[in-house]
């Protein structure tokens, strides 16, 4: 009996020691996870990172936060317009969906951001690609208005550096997102020691001495595998659902167990467009057109102070910390425009992209002009026309599609400031009232 007692006691001590050891290795639960996978496989017993030929498991402590990005915690929401449908479009009827967490730019992409982009693509790309990705400054021109100073100065004059870039079409915005992904990930990889920075900003730099090139590196196009946890997922345009969810910013409006106290007509509380609090009492909360011929108010007391676009930090952010989710400029989103999108999308991370559920000729008046013939005979012709390379296929070259934009702008009345309202124009079109911001998935997460 005594021997049995000591055997049980010894076994208990051994198990306790093993648990404490595993807790030290894996954390409080004693189980492996993404941040603490352990030294060996739980199913084969083979050790990780023993030799170069063995299975390599990189250190990981979570997705890096990219520059200018704000974390948007996902959840359930009611998408759609709660405003009176004054145009009787009925193209965004309310419905309940869930949007997964993601990241979104704190501000709209600015002139200085696009000038930086222009500088590098002019160095690294052919002249045709560079010219096809310049903003169209003539969007400011009007036959019956003297907007010549904006045509010549808005994009390049230093005083407009942190105003939103305009005159950018949907295709150009997609190209920018792709370029930003390359540059930001290259910078992260360089800081991690994967590359030697040659200082040209073009992503053609070499691997640091002694480092082995990842298998994904082909020629001069160096790319660090996403398995390393060093680089970020792609920058991209937000989906319409993500954009609308982020604009609503319905956080801090709950009580008890997931009970929402109210919806929002605009990205802030209340039904008015003026600040109801403190020293800013009575001042406009967004840059919009207040009425016919009234863009800013009266001299000596300019209320919204913005006759055209404005400094991207000039109005109060919403509860997620995002600036100008109403007014200043409308913003491109990923989605193809379909009037009945609300009927035919999933209720988890909904989006409408190309060629789903309907025929192009029903929506695109240019389709019948193209017929079954390829509108662009080669990738080079497509790129010259401003088509993002990722959209081109030899078998199915892209047609011109209507893309959704949201948010209202400096030249729009208050109706369009409501997150649920939506409009669309052709993806190769640009105006002085449409800009964009980038988004990114929250990788490695189930919420």
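Bear in mind these aren't lab numbers, they're just calculated from the coordinates by the rules spelled out. Predicted model only: the values in this text are computed from it and were never measured. Cβ sites come from the backbone with ideal geometry, for glycine too, and all protein chains shown count toward neighbours.
Details
- Footprinting exposure proxy for 163, 342 (fewest neighbouring C-beta atoms within 10 Å first): 342, 163
- Extension reserve of the residue 413-residue 130 stretch, reckoned as 0.36 nm per residue once the Cα distance is removed: 98.4 nm
- Ranked list, fewest to most other Cβ atoms within 10 Å of each Cβ, for 257, 304, 126: 257, 126, 304
- Share of Cα-Cα pairs in region 35-100 lying beyond 14 Å, as whole percent: 75 percent
- Ranked by how many other Cβ atoms sit within 10 Å of their own Cβ, fewest first, the residues 34, 418 fall in the order 34, 418.
- Between region 272-316 and region 147-177, the C-alpha centres lie 22 angstrom from each other.
- Between residue 148 and residue 292, the FRET efficiency estimated from the beta carbon spacing at R0 = 30 angstrom works out to 0.80.
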